[in-house]
Amino acid sequence: MQRERGNMDTLLAAWAEGKVPAPPTKKRTRGGLILLACLAGAALLAFLLPVFVSMFGIFHPAALRGIRPGDTREQVVEALGEPDASYAGGLEYGGVHFWRVPATGSYIDLYGRSLELADLVDFIARRWYVPHIAVELDSFDRVVSVTLDADRPKAGVQKHKRLTSVSLLQTEVPPFVETDLWYAAEYADGSYYMGPAVAGYRCDAYGSTQTVGWDDRFGNACTAQVKVVTESGNYAEGEDWYITPEFELHILSDAGAQAFLHSGFDRSVIESAVFDYAAETVPESLLNGCYSLREVSLPNGLRTIESSAFADCMSLESIRLPASLESISDWAFSRCSALQAVELPASLREIGPGAFEGCDRLEEIVIPDSVQTIGYSAFSYCTSLRSVRLPAGLRGIDAFLFEACSSLEQIELPASVTSVGDYAFSATSLREITIPQGVTSIGELAFANTPLTAAELPSSVTSVGNRAFLYCSRLQQIRLPQGLRTVGDSAFEGCISLAEIKLPESLTGLGAGAFRDCASLRSVAVPGGIGQIAEYTFASCSALERVALEAGITSVGSDAFAGCGALRELILPDTLERIGGAAFANCGDADRFSVVIPASVTYIGERAFWQSWLSEAVFAQPQGWTAIAADERVFVPADTLRDPAAAAALLYDTYGECRWERQN
């Protein structure tokens, strides 16, 4: 006590003299070191805090691993809480979101604001890299993938990560269908990923175990095994349908038919099909593309076979249609190339367009009288079809109905038929045809490219379509009835055996090229009712000797008779006003071809008689003619035109390349 008082006396004496005594050195040094150590420890703890948190797995919430493909946005929010960021296509969470310290009351009262412990932890954690969680969603807000990156740089660049475990979420897949495979993976730094591995994986080797490979989210090569399995030992199965090991498809209900239709199953292996219920309809495209299908058992009570139901069943040789069937829809059996026979029931009312198109082994078809309509192309390209029986009440032969049935040599059209459609018998082997009274029109290309030798059109026919008998090279006779009004473009073009044609007075229209290349035609009289002869109408009729244009014809089109090299007699009517370019070019038989140009003609086109064997040309009106080439005009002397030989020379030689015009 006395010693302490002595120290105090000494200190007071020093202050009295204006001196500051030195502090106790040892105690000050010890206190500073303690303070410095506390600060360093606090800094180190703050720096290592995220590392400690990661080591204890706090970055791996069980809820994150529980998210699966197809989960909804609502399910994700329920499992993980509200996201830090939400946008079209995904949700984002910061890592701190998963290890916040629950608030336990105020920690510091700073200028009137309560700072909670959780806020302090967040502040410290955000100083360093924190994990980033991204949940990718599709357009329906369903989960596509989940990514937890425990070491994401602030710039957002993903690093290559060392894979520690990987597994497929689906370890078993069905055969013959495409299945999307998903996987989950964990990494050495604590990261986690769940997402698609292989899209549309398929394997037909049921009962086997297969190895599947893919690259993961961070560039690692991954492999896993899946087992290809079926339930109940069937080759394949679904809701209300299954396929036996013998490749027989069984459908148990309408719902099963739809389930199979949309299953994506590889139907090419199916060899037979059975409807194990009282089906009334075979759905559209149900067995389309069953290339191995050989047998089908359709139930009694079936009423409709819908569009393309059996299309492209290339191994189907025969099929029994039940007595209840009422309708076969469009393309139902199209391209069933092995189908040899089919018996249509008496209940059938309708055969749709293309129903049996391309059944090229079908040899015979008997269509019951109950059928009221047969759609276009119903039997087109049935190249083996030889015999057809059409229903008695059929109203029309629709377009393309028997097109390219190359074995069809004869057919009887019912008396009820009123029209023959476009391409109806094109490219068949018909040698003769009886068109019944009541038919009013023959469609475009209806009998084109057939070996018809003769045809007679009834008086009811009023129109023959474009190219209706095109290239019927064996056609020798064709009777065109009184009452016929129009013959279409190229209607008889290329009928090289046709030696005679009589155009009825009722005709009002004759199409371009209607008789072009009829190389055997010898004589023709064109009725005045058509008014104008179109271009190329009789061009290249190389045997044509006589042409008589009747009163009422006002013009002859360009090249209308060009190339008629045997022409000897040409009669032009007093109603004719114009002769088109090259209308009679390369015509005439040696020096026996002459022509009288009626006074009504005011125009002769360029090369109208070019290089024709024209011996004489008589101009009924020789005055007022001008020959025009480009912009040059030459008045043709009337005296010269009065000389038939000189006039002929001017037409095919001197001014043969000019057009001629006459002023009245």
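Working only within segment 343-382, note down all residues that are more than 21 Å from ASN300 (Cβ to Cβ) and basic (Lys, Arg).
ARG361
For residues in segment 338-362 being surrounded by fewer than 16 Cβ atoms within 10 Å (Cβ to Cβ) and assigned to a strand (DSSP E or B), which is modelled with the highest pLDDT?
That would be GLU343.
Could you tell me which residue of segment 195-222 is farthest from ALA236 (Cα to Cα), considering only residues that are charged (D, E, K, R) and surrounded by 12 or more Cβ atoms within 10 Å (Cβ to Cβ)?
Among them, the one singled out is ARG217.
Within segment 309-319, is even one residue closer than 21 Å to ARG386 by Cα and in a strand (DSSP E or B)?
yes
Filter segment 619-661 down to residues that are among the polar types (S, T, N, Q) and in a loop (DSSP other than H, G, I, E, B) and give me whichever is nearest to the chain's Cα centre (by Cα).
GLN621
For segment 445-474, which residues satisfy the criterion of being modelled with pLDDT of 95 or more and not in a loop (DSSP other than H, G, I, E, B)?
SER463, VAL464
If only one of SER497, SER490, SER473 is in contact with a Pro (Cβ under 9 Å, 6 or more places away or on another chain) and polar (S, T, N, Q), which one is it?
Every option except SER473 fails the conditions.
Results for (1) of a type in the set (S, T, N, Q); (2) loosely packed, with under 14 Cβ neighbours inside 10 Å; (3) closer than 30 Å to TYR193 by Cα, shown as yes or no for each residue.
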| site | (1), (2), (3) |
| --- | --- |
| ALA224 | no, no, yes |
| PRO245 | no, yes, no |
| ASP254 | no, no, no |
| GLU271 | no, no, no |
| TYR277 | no, no, no |
| LEU286 | no, no, no |
| LEU293 | no, no, no |
| THR304 | yes, no, no |
| MET314 | no, no, no |
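If I ask for residues that are among the β-branched types (Val, Ile, Thr) and either assigned to a helix (DSSP H, G or I) or without any contact (Cβ under 8 Å) to a residue 24 or more places away in the chain (or both), which ones from segment 243-270 would you list?
THR244, VAL269
Against the condition buried (at least 22 other Cβ atoms within 10 Å of the Cβ), touching a residue at least 24 places away in the same chain (Cβ under 8 Å) and over 39 Å from the mean Cα position of the chain (by Cα), how does THR537 come out, does it pass?
Spelling it out, THR537 is indeed buried (at least 22 other Cβ atoms within 10 Å of the Cβ), touching a residue at least 24 places away in the same chain (Cβ under 8 Å) and over 39 Å from the mean Cα position of the chain (by Cα).
What number of residues within segment 363-389 satisfy the criterion of being in a strand (DSSP E or B) and aliphatic (A, V, I, L, M)?
4
Would you check which residues across segment 532-551 are within 11 Å of LEU510 (Cα to Cα), among the aliphatic types (A, V, I, L, M) and in a loop (DSSP other than H, G, I, E, B) and list them?
Correct list: ALA534 only.
Go through GLU632, GLU657 for me and flag whichever is in the same structural domain as ILE597 (by TED's automatic domain parsing) and either in contact (Cβ under 8 Å) with a residue 24 or more places away in the chain or surrounded by 13 or more Cβ atoms within 10 Å (Cβ to Cβ) (or both).
The conditions single out GLU657.
Being in contact with a helix residue (DSSP H, G or I) (Cβ under 8 Å, 6 or more places away or on another chain) and at pLDDT below 90 is the requirement here; does LEU641 meet it?
Here the answer is no, as LEU641 does not meet what is asked.
Does at least one position in segment 508-527 carry a residue that is out of contact with any Lys or Arg (no Cβ under 7 Å at 6 or more places or on another chain), part of a loop (DSSP other than H, G, I, E, B), more than 24 Å from LEU457 (Cβ to Cβ) and modelled with pLDDT of 95 or more?
no
Among the residues in segment 479-490, are any of a type in the set (Val, Ile, Thr), in a strand (DSSP E or B), more than 40 Å from the chain's Cα centre (by Cα) and within 22 Å of ALA519 (Cα to Cα)?
No, that holds for no residue.
Which residues, counting only those in segment 591-618, are farther than 19 Å from SER523 by Cβ, assigned to a loop (DSSP other than H, G, I, E, B) and not charged (D, E, K, R)?
PRO598, ALA599, SER600, VAL601, THR602, GLY605, ALA608, PHE609, TRP610, GLN611
Please determine whether any residue of segment 403-416 is surrounded by 15 or more Cβ atoms within 10 Å (Cβ to Cβ), in contact with a strand residue (DSSP E or B) (Cβ under 9 Å, 6 or more places away or on another chain) and closer than 16 Å to ILE442 by Cβ.
yes
Only one of these conditions is not met by ARG607: (1) at pLDDT 95 or above; (2) within 24 Å of GLN623 (Cα to Cα); (3) out of contact with any strand residue (DSSP E or B) (no Cβ under 8 Å at 6 or more places or on another chain). Which number is it?
(1)
Name the residue, out of ALA608, ALA551, ALA566, ALA562, that is of a type outside the set (Asp, Glu), in contact with a helix residue (DSSP H, G or I) (Cβ under 8 Å, 6 or more places away or on another chain) and under 20 Å from ILE501 (Cα atoms).
The unique qualifying residue is ALA551.
The values are calculated or read from the model by the stated rules, or taken from the named source; none is laboratory data. None of the values given here were measured: they were computed from a predicted structure. Because the Cβ atoms are built from the backbone with ideal geometry, glycine has one as well, and the counts that use them run over all protein chains shown.
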